[in-house]
Amino acid sequence: MKTYIFIIRRICNITGAQQYVYNKKRFLESQGWRVLVFSSIKGSILIEDFEQYKDNIYASLYYSPSYFRKKDVERTLNSIINKIGSVQADSCVIESDSVPRAIWAELIASRLKCCHLLLSVQERHDYDEDVKEFLRFKYARHELAGITCESVNHMLGDNSLKQRSDSFFKAYCNNVIQDIEDNYSKLLNPDSDYTIGSLGRLDKPCTKAILSGLLDYVMYHSDKSFNIVMIGGGLIAGRKSSLRKKLKKCSNVNLVFTGDVYPVPLSFAKKMDVFVSTAGSSYATYGCGIPTVKMNTITGKPIGIIGLDFDLKEKNLYSDEQDITFADCIERAFSEREKIEYKYSIDENYYKRMNEEFMRQLLFSDNGKEREYYDDKLLFKLKRPKLNQLLGCLLLKIFGIGIQEFFWKEFRNADNS
């Protein structure tokens, strides 16, 4: 049987990355593949189909192997390989989601003699020269791709690279809003003049700027009342309390943090007059016919209103317009909502395009080259940890993955995600 193995950061909580893996898993199984998922963080598993992989969580996969003793790395590798079991090299594919997992995946693939694809779902890329050398190796073998046309250029620090069809992949993850029972609309103040929502993880670098922009906007319009709704988990410790302190200065806001929601009830999403979101989340709300302001995924600056300021293919994750403001986008989303063109929806054609894209991605593993793997000795040296990260690994080993969440701020740079 054909075997497809995902080595990813997490199956718990919900982000676009989990939804992408879930969508691709269902497609692969429909094509007769056996699918395994290995991840690194324990937590609440919201996608029910991932429960079967709860015993495949290895905390060490959060970091590069260089953070651990070689015998501990070998122990982890042997455990994972034993769980994978017997596979045929030419019928087995490993997909990793970012550099730390890619290093582990390359080690596993070299032992199984199978294909390893690094399909990075990361939005930020800042690597040292040793990591770039590994990425160049994968790129030369047509085994490296990113989620935007510019991703590989960012990874390799080379703007001269021309886009290849196999260096870019679509991580279909927009189908998170569904027509299900709604237990969240009751959190809204029905007497508010406007309801503004944001969909996505709240630990992204852009979140602080988005929240500040929202609060500045509603505080300026003190004559109106608002529901401000943040749909998503991962709020960095202390940010919620600081926001609530800021809100004490105005009485016209009902601030709602839903935490992780999966799926998002359609009726709840439709209660929003406008969404302010980034990346795939912005297309999830736009695809449901809701006015959506897209924001730069790193800076939190406005890119514009989808279907009014630009079409789907005209902007990427990193764009922003210097001559438009947050307030301007919100105002026009209210006043010009009838002018917005909706050329994208989550319907049968969406799932057809998604399956065609996943079929295309399968061709990445059939590049006609003999299998070749990066030198183990070099892999064991990639992404050497800083002192505080070594302390984190020690605490992780003693106390488990929970201690990592406690020291999240210190660790997030280690993952570059």
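Return a yes/no flag: does the stretch 3-17 have any residue that is surrounded by fewer than 19 Cβ atoms within 10 Å (Cβ to Cβ), in the same structural domain as Lys113 (by TED's automatic domain parsing) and among the hydroxyl-bearing types (Ser, Thr, Tyr). No, that holds for no residue. For Leu215, the criteria (1) more than 30 Å from Asn254 (Cα to Cα); (2) in a helix (DSSP H, G or I) hold in every case but one, which is (1). For the stretch 268-308, the set of residues classified as under 18 Å from Glu331 (Cα atoms), at pLDDT below 90 and surrounded by fewer than 20 Cβ atoms within 10 Å (Cβ to Cβ) consists of Lys301 only. Every residue in the stretch 73-100 that is part of a helix (DSSP H, G or I) and touching a residue at least 40 places away in the same chain (Cβ under 8 Å), please. Answer for the stretch 73-100, where residues must be part of a helix (DSSP H, G or I) and touching a residue at least 40 places away in the same chain (Cβ under 8 Å): Val73, Ile80, Lys83, Ile84, Ala89, Ser91, Val99, Pro100. Has the stretch 144-155 got at least one residue that is free of Cβ contacts under 8 Å to residues at least 24 places away in the same chain and more than 26 Å from Val276 (Cβ to Cβ)? The answer is yes; a qualifying residue exists. For the stretch 340-383, the candidate set comprises residues that are in contact with a strand residue (DSSP E or B) (Cβ under 9 Å, 6 or more places away or on another chain) and outside any loop (DSSP other than H, G, I, E, B); within that set, the residue that is modelled with the lowest pLDDT is Ser365. The condition of being of a type in the set (A, V, I, L, M), more than 15 Å from Ala269 (Cβ to Cβ) and either surrounded by 13 or more Cβ atoms within 10 Å (Cβ to Cβ) or touching a helix residue (DSSP H, G or I) at 6+ places or on another chain (Cβ under 9 Å) (or both) holds for Leu144. Only residues that are over 12 Å from Gly200 (Cα atoms) and charged (D, E, K, R): list them for the stretch 248-277, please. Matches in the stretch 248-277: Lys248, Lys249, Lys270, Lys271, Asp273.
The values are calculated or read from the model by the stated rules, or taken from the named source; none is laboratory data. What you see is a predicted model; the values in this text were computed from it and never measured. Note: ideal-geometry Cβ built from the backbone for every residue, glycine included; neighbour counts use all protein chains shown.
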